[in-house]
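Visitor: I'd like to ask some things about the structure below.
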Amino acid sequence: TKMGARLWSRWGDVSTPVLYGSLALFISILHNVFLLYYVETFVSVYKIDKVSFWVGETVFLIWNSLNDPLFGWLSDRSFLSSPQSGESISAPEVVLKRLRALSRSGPLLALSFLAFWVAWAPAGLQFVACLCLYDGFLTVVDLNHNALLADLAVSAGDRTQLNFFCSLFSALGSLSVFLSYSFWDKENFLSFRLFCVALAAVSVLGFSVASGLLRRRFQTEARVRQDEAAALKELCVGQAPLAQEKTVTLGEYLKQLSKHRNFLWFVSMNLVQVVFHCHFNSNFFPLFLEHLLSNRISASTGSFLLGISYIAPHLNNLYFLTLCRRFGVYCVIRWLFFLKLMLSVVMLLAGPDQIYLLCIFIASNRVFTEGTCKLLNLVITDLVDEDFVLNRRQQAASALLFGMVALVTKPGQTFAPLIGTWLLCFYTGYDIFQTDALQDKVPPPALPPPALAPTLRQGCFYLLVFVPITCALLQLLAWSRFSLHSRRLRTIKSLRQGGQQDRPCTVKAI
């Protein structure tokens with residue numbers, strides 16, 4: 001209808017950064033609820049047994065680590081040939097390929113999200129199937145969304161703007177966590193199921209509209225490029241018979257990556273930051289609240305700290321991104337590492353009895369750590385540029401490089417809770433798994449044993465401060481070896497922009 005066409009046209013005027021950022025909203029409204037409730041649902045509602053739970057988590061760990069490079073390779077292997085071999089692929093065509101993948105996998109992600117909240121198979125089987133299915137679609141969505149950050153823009157300012165809207169919409173997406181508390185009731189699950197259906201419907205509609213508008217925008221540009229290429233082809237002589245497409249094998253790509261020094265230093269830092277420290281904070285945040293603050297603060301204050309820890313990193317990142325525009329991502333991340341080290345040392349010297357300082361530290365530790373994580377995608381896009389220049393790619397293999405970063409760092413998701421619980425048990429003798437396993441069978445004592453309580457509290461405090469101190473020192477060491485900033489970064493960006501514009505061919509004499 002004419003009204004529908006006018007409405008579509010009006011939405012079509014929305015800027016590309018806003019449309020790109022809105023995709024983060026439709027991911028985060030689902031993923032935040034998934035992270036918060038999937039374990040509780042299977043343990044408390046579906047009554048999964050312990051063996052099935054750990055088998056499912058182990059299978060999920062393997063699949064979670066391998067699917068990023070697998071889907072990245074399937075997506076980008078055609079881009080790994082050099083510019084002199086094969087037909088060149090224009091930037092708009094690459095963007096369209098990413099958007100087609102998002103328009104398919106986004107709605108499928110929403111449907112796989114719904115599969116968690118209805119019992120349709122034995123609990124152990126459903127747990128494995130749902131986790132692998134959901135994470136598979138989430139990986140495709142994340143890889144293509146992150147790759148677009150590198151493919152839509154090359155300049156640091158443009159990429160910062162794209163990331164700014166991602167943070168803004170991710171913060172809005174965090175509101176689904178606050179809304180979910182009103183619907184969550186494991187005794188009466190129907191209202192929560194309906195809430196999840198509503199979230200999935202919003203996500204499907206959002207993915208369809210946003211990706212559709214972006215595709216429409218880039219299809220016009222792609223058609224112009226194809227017409228230019230067809231006209232140039234008539235003027236080019238002698239190249240088609242001589243050029244043989246030489247695609248890079250997976251082994252050759254891994255060899256190239258092993259020589260990429262900045263990539264190696266980045267994943268070393270990233271392993272400590274995103275995967276270990278971020279997940280350590282998430283895993284142990286409730287434990288720190290319980291054993292360090294539970295008797296000293298009200299329940300509403302604890303709830304406020306938990307809520308702030310979800311939404312503040314996204315809002316904080318808006319300020320960090322303005323600093324990135326002025327000083328560069330490398331400097332801002334280095335300052336955040338120094339800030340983490342300084343705050344941890346101050347907290348260590350102050351001791352566990354400074355309650356207000358402890359509240360500020362627990363919240364800020366998570367906020368700054370998560371905030372740093374949000375900036376790292378900008379660094380990966382710079383690594384995409386450097387990989388393009390160093391290996392003379394036909395097109396930047398953005399999704400594949402994001403996938404390889406995930407392959408190297410995702411095992412840390414398992415190391416974080418394992419190392420944390422081992423340290424706590426080693427220092428205090430407190431076994432968190434044994435306590436959880438027995439809490440349904442053995443009534444808790446009215447008061448904790450006097451000898452155990454201070455030791456456990458002291459152990460939690462040392463864990464709280466020594467982990468960020470150790471992480472900060474290791475990260476500052478790795479970050480000092482990372483050279484992709486300042487003059488080198490400007491040179492790389494200039495070469496990438498020049499490399500994508502080059503279309504080498506021999507022109508007929510007219």
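Visitor: Quick one: how many residues across the stretch 171-187 are open to solvent by 20 Å² or more (accessible area, probe 1.4 Å) and modelled with pLDDT of 85 or more?
Guide: Looking only at that region, the number is 2.
Visitor: What residue, of Arg487, Arg481, is open to solvent by 30 Å² or more (accessible area, probe 1.4 Å), modelled with pLDDT of 70 or more and within 30 Å of Leu349 (Cβ to Cβ)?
Guide: Arg481
Visitor: List the residue pairs whose Cβ atoms are under 8 Å apart, where the first residue sits in the stretch 377-401 and is under 14 Å from Leu484 (Cα atoms), the second is crowded, with 22+ Cβ neighbours inside 10 Å and charged (D, E, K, R), and the two are 6 or more positions apart or on different chains.
Guide: From the stretch 377-401, the pairs are Leu378/Arg159; Thr381/Arg159; Asp387/Arg393.
Visitor: Something else about it: Report, by residue number, each residue of the stretch 188-208 that is surrounded by 17 or more Cβ atoms within 10 Å (Cβ to Cβ) and among the hydroxyl-bearing types (Ser, Thr, Tyr).
Guide: If the condition is that a residue be surrounded by 17 or more Cβ atoms within 10 Å (Cβ to Cβ) and among the hydroxyl-bearing types (Ser, Thr, Tyr), then Ser203 is the only one that fits.
Visitor: Can you tell me how many residues in the stretch 169-198 are part of a helix (DSSP H, G or I), of a type outside the set (Phe, Trp, Tyr) and touching a Ser or Thr at 6+ places or on another chain (Cβ under 6 Å)?
Guide: 2
Visitor: Residues being within 19 Å of Arg488 (Cβ to Cβ) and assigned to a helix (DSSP H, G or I): count how many of those fall in the stretch 327-346.
Guide: The number of residues fulfilling the criteria is 7.
Visitor: Can you tell me how many residues within the stretch 353-394 are closer than 30 Å to Arg496 by Cβ, open to solvent by 10 Å² or more (accessible area, probe 1.4 Å) and not in a helix (DSSP H, G or I)?
Guide: Counting residues in the stretch 353-394 that are closer than 30 Å to Arg496 by Cβ, open to solvent by 10 Å² or more (accessible area, probe 1.4 Å) and not in a helix (DSSP H, G or I) gives 3.
Visitor: Then there's this: Among the candidates Val45, Val95, single out the residue that is surrounded by fewer than 21 Cβ atoms within 10 Å (Cβ to Cβ) and at pLDDT 85 or above.
Guide: Val45
Visitor: I would also like to ask the following. Looking at Leu235, Leu264, Leu250 in this structure, which one is touching a strand residue (DSSP E or B) at 6+ places or on another chain (Cβ under 7 Å) and either open to solvent by less than 70 Å² (accessible area, probe 1.4 Å) or modelled with pLDDT of 70 or more (or both)?
Guide: Answer to the selection: Leu235.
Visitor: Of the residues that make up the stretch 220-228, is at least one modelled with pLDDT under 90, among the hydroxyl-bearing types (Ser, Thr, Tyr) and outside any helix (DSSP H, G or I)?
Guide: No: zero hits.
Visitor: Select from the stretch 177-204 the residues that are hydrophobic (A, V, I, L, M, F, W, C) and closer than 22 Å to Leu305 by Cα and list them in ascending order.
Guide: Val177, Phe178, Leu179, Phe183, Trp184 - these are the residues of the stretch 177-204 that are hydrophobic (A, V, I, L, M, F, W, C) and closer than 22 Å to Leu305 by Cα.
The values are calculated or read from the model by the stated rules, or taken from the named source; none is laboratory data. All of these numbers come straight from a predicted model, not from anything done at the bench. Don't worry about glycine lacking a Cβ; one is built from the backbone with ideal geometry, like all the others, and counts go over all protein chains shown. Surface accessibility is based on the protein's heavy atoms, side chains included, excluding ligands, DNA and RNA. Shrake-Rupley method; radii C 1.70, N 1.55, O 1.52, S 1.80 Å.
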